[in-house]
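Rule-based calculations on the coordinates, nothing more; no lab input. Predicted, not measured: the structure shown is a model, and the values here were computed from it. Using ideal geometry, Cβ is built from the backbone for each residue, glycine included, and neighbour counts are taken over all protein chains shown.
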Ligand code: COA
């Protein structure tokens, strides 16, 4: 029997039209364009329209990814959505809503809740389903309308996040040259309180008051740990696959902070042309940031079949992960 691999055969993304610039934020909180640019690398973020929820953004990205895969929506046999800003509070899942919008019925769909690492967790899950023979064509979507959970009086968080979506199709193949090489996911639940959004059963939304459903972050602690953890993580995934950083065509990190990306890039001694940056225009789009960045590469004709991508992400949970992916699309 031939080995079964999972291949990422297509990518798509969507960013809502409305822009939130650093100049806009200067009128909302005590901040400056200079501080934001210097400390984060962000200039603008996209913000979902009032009638757009996470599944609406994800739907646009998913349609594109499915069309580019050459498959039909009816060929998809598993939908995984990574999000921290789903349409509904826990039920139904955003994956179920998205599957409904795509018109695909009688297939499993579920959300992966791993904050900014969600897309890599989703790819890990899709890969495992394919390699075990439980699915053949998996749609993995990272989508965020996290502006809905921003406290636009908290300057330490609201300047960072933007909305958007990215999606890919994973399919079964026996061609190793187009396969996902390795995915490594991890986390540390003892540090759950570094990034939170209240409103669940600990402090239900109806209590309101002291626990509004806004994103809160221990920014500086998270920053330091992200640099340390991601630097070690990417070194480890390369080592366990007997690869060096020269083998990487594109390094596509989660876009949380330009300084984190630069620090990890320096650890691996990567050239600038290996590093994909979208943070200046999109900010931190959480689970959507990696597929949105892959889509940027694709649409600028820089992503070729067989190119080796190194993905990495760090987020609430705490969660983190990295992946080595040979692009299987055209
Ligand atoms: N504008 C101006 N000043 C600001 C500010 C803003 N938007 N936000 C914070 N500050 C101030 C702070 O109040 C603090 O002032 P003080 O020294 O007078 O107390 C100073 O800037 C430094 O704050 P600090 O939080 O130490 O800054 P930082 O260098 O850590 O940068 C973040 C803040 C949020 C940009 C950075 O910590 C970060 O990117 N964190 C991690 C993001 C991340 O990786 N998340 C993981 C997945 S989402």
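Filtered by the rule that a residue be over 23 Å from residue 124 (Cα atoms), in contact with a strand residue (DSSP E or B) (Cβ under 7 Å, 6 or more places away or on another chain) and surrounded by fewer than 24 Cβ atoms within 10 Å (Cβ to Cβ), the range 275-293 gives a lone residue, 281. Strands (runs of 3 or more DSSP E) fully within the range 3-57 that include at least 3 residues being in contact (Cβ under 8 Å) with a residue 12 or more places away in the chain, surrounded by fewer than 21 Cβ atoms within 10 Å (Cβ to Cβ) and within 18 Å of the chain's Cα centre (by Cα): none found.
For the range 195-216, a tally of residues being out of contact with any helix residue (DSSP H, G or I) (no Cβ under 7 Å at 6 or more places or on another chain) and in a loop (DSSP other than H, G, I, E, B) returns 10. Here the range 252-268 is the region considered, the condition is being touching a residue at least 12 places away in the same chain (Cβ under 8 Å) and assigned to a helix (DSSP H, G or I), and the residue that is nearest to the ligand (Cβ to nearest atom) is 260.
Only one entry in 249, 244 is touching a strand residue (DSSP E or B) at 6+ places or on another chain (Cβ under 7 Å) and more than 16 Å from the ligand (Cβ to nearest atom), namely 249.
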